[in-house]
Amino acid sequence: MKITKLISVICIGSVITAGLCSCGNKNKAAKAKAKGEKEVVETIFAVNAYKAIPRTLDNYLEFGGNVQTSSSVDIYPDVQSGKLSKINVKVGDKVKKDQIVAFVDASRAGMDYQSSPIKAPVDGTITSFPFNVGATVSASMSVGKISSTGTLEIKTNVAERFLSRVKMNQKAELTFDAYPGVVFSAKLVEIDPILDTNTRTLGIKLIVTPSDSRLRAGMYARIKLITDTRKNTIVLPSNVVVTRNEEDVVYIIDSVTNIVKASPVKKGIRVDDKQEIEQGIAPGDLVVIKGQSLLSDGSKVNVVSVIE
């Protein structure tokens, strides 16, 4: 008795015209039956594959914080008491040390005095000047603030359980609602020595590097603090690894025979939907990333697409 081999294609994750597969197999089956031949069906699985290429995978902590100036100095009048008679600056103006920012008139009924100048104590930018002409001020009252806007910083807090992952000089990525899709860089420059026992958090400070004129004090930053970087490692979508006989495996395709081999793997860190593979996959291997759930060692596949 002759044996006729029929191939059945199981389509997984791809749209293939089932009618064509079905009609072809039925015609072959009908001819084989007419000749009295025995049918042998070989199943081929349609899959999508991924070419393993070494990449960089960053693990991170995510939180938020407000951008602020790195230093701020109050402006005080020299006179004991008086009224603002003239204001020379507004918020946003850059000033030099000893530049006159306002005048105070200390005159009272029956006594006339020459207006006294209020000088900037340092170089910087006026970030606050809430008073108007005619307001009463005194030597102990701050009439405004001068800040150094050249260096911007962000202070935030890290939960106690993450302390082992936080180190000086770690890099961070910043994003802002005002600039969708734009990533700014920062560096961790300060870690508080004492934990806040009320909130169980530790304060940290980052500076924006390099400085960028698009950023303003008061903006809210979404922060990704890079805590671990794996270079030249194999990274797969996290759902690619399957469990077979209590073992983590992936299916590697032989590019000549299109037969898959179940390869045990050792998983590394997982970041979002990405999984690091430390052992079990070599650079250049073709790994099944869609359609692997029905596969077993030795299955034959039809590779519909390859992603690199």
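The values are calculated or read from the model by the stated rules, or taken from the named source; none is laboratory data. Bear in mind the structure is a predicted one, so any value in this text is a computation, not a measurement. Cβ atoms come from the backbone with ideal geometry, glycine included; neighbour counts cover every protein chain shown. Calculation scope for accessible area: heavy atoms of the full protein, side chains included, ligands and nucleic acids excluded. Shrake-Rupley method; radii C 1.70, N 1.55, O 1.52, S 1.80 Å.
Quick rundown of the values:
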read-out	value
Residue selected from the stretch 150-183 under the condition assigned to a strand (DSSP E or B) and of a type in the set (A, V, I, L, M, F, W, C), by the criterion surrounded by the fewest Cβ atoms within 10 Å (Cβ to Cβ)	159
Residue in the stretch 70-89 that is closer than 30 Å to residue 164 by Cβ, polar (S, T, N, Q) and surrounded by fewer than 19 Cβ atoms within 10 Å (Cβ to Cβ) present	yes
Of all residues making up the stretch 117-144, the number that are farther than 11 Å from residue 77 by Cβ, in a strand (DSSP E or B) and in contact with a Lys or Arg (Cβ under 6 Å, 6 or more places away or on another chain)	3
Number of the exception - residue 100 against (1) open to solvent by less than 20 Å² (accessible area, probe 1.4 Å); (2) without any contact (Cβ under 8 Å) to a residue 40 or more places away in the chain; (3) among the β-branched types (Val, Ile, Thr)	(1)
Residue within the stretch 259-267 that is within 28 Å of the chain's Cα centre (by Cα) and in contact (Cβ under 8 Å) with a residue 24 or more places away in the chain present	yes
Some residue of the stretch 159-168 being touching a helix residue (DSSP H, G or I) at 6+ places or on another chain (Cβ under 9 Å) and under 17 Å from residue 64 (Cβ atoms)	no
Some residue of the stretch 216-233 being more than 30 Å from residue 156 (Cβ to Cβ), crowded, with 19+ Cβ neighbours inside 10 Å and β-branched (Val, Ile, Thr)	no
